């Protein structure tokens, strides 16, 4: 885009109202000039990934947790022994967590079902494909839009992914990623990358959606897991926009396709959902009663045996 001004008369040989001498420098002071827009509106695409629903069903069919979490972190439904902390700089981990405590005897065979909510938002400043907008600041014409053509998801491989419940998602292999020009090689070559411990998914569900500034669009991802032991488990899920299409405007403030799995959120076009933690109950646990009782009984039997042996020995000595 080009911008021009009327011809300006500037004094060169003589002092005028638009020039001044400062020490050994001669400075031109040209007043009352407005060159219009000096910086193009900033373009930014953002992605947000959060847990939307969580359901836990025991092996006998009993549902102990069935909740929904809204965009403000408010929980509705049956919580059970569940604790939720949203993302925060003071939270450990910073991406937040959902923590569920279960009795040891209930963990085996329990099924966890989770729905992730992924929201893509055009956080750009308003921009127009219009000469009048840049020359005179007149708003009007076609608005610059951003399309999130492809989103990739790095799912913890301890989760189970069912394609039948996720029709918009397709699985990818590590070789697919290495041969994809949209993906920076640091994603899989960086020593900090955990990509080999991930189920890699991709969706093009929003490839025809043109987002204007402040517009959002949402998709979901459904996963599950059968619990098989009483050890604490921690499950993560990360996502990134790897391909966008813009109708104009300035460069994006982020770089699609450069997120390194396992490193946490770094730019607006990537995000990490809350960590899911399932752990044996840390409250009162009376499972210790049986082994303690057995131990006490053995000590009593041993003590009685020692007494009887001593009595018999003393009796033999008297004879």
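Every number in this text was worked out from the coordinates using simple rules, so none of it is lab data. As the structure is a computational prediction, the values presented were derived from the model and not from experiment. With ideal geometry, Cβ positions are generated from the backbone for all residues, glycine too; neighbour counts draw on all protein chains shown.
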Under 7 Å between Cβ atoms, which residue pairs at least 6 apart in sequence (or on different chains) link something in segment 240-259 that is without any contact (Cβ under 8 Å) to a residue 12 or more places away in the chain and on the phi > 0 side of the Ramachandran plot with a partner that is crowded, with 19+ Cβ neighbours inside 10 Å and not in a loop (DSSP other than H, G, I, E, B)?
none
Within segment 155-168, how many residues turn out to be assigned to a helix (DSSP H, G or I) and in contact with a helix residue (DSSP H, G or I) (Cβ under 7 Å, 6 or more places away or on another chain)?
0
Looking only at residues in segment 126-138 that are surrounded by 12 or more Cβ atoms within 10 Å (Cβ to Cβ) and outside any helix (DSSP H, G or I), which one is nearest to the chain's Cα centre (by Cα)?
126
Would you check if residue 114 is surrounded by 14 or more Cβ atoms within 10 Å (Cβ to Cβ), in contact with a strand residue (DSSP E or B) (Cβ under 8 Å, 6 or more places away or on another chain) and more than 30 Å from residue 271 (Cβ to Cβ)?
no
Candidates 89, 71, 101 - the one that is outside any loop (DSSP other than H, G, I, E, B), on the phi < 0 side of the Ramachandran plot and either surrounded by fewer than 18 Cβ atoms within 10 Å (Cβ to Cβ) or more than 14 Å from the chain's Cα centre (by Cα) (or both)
101
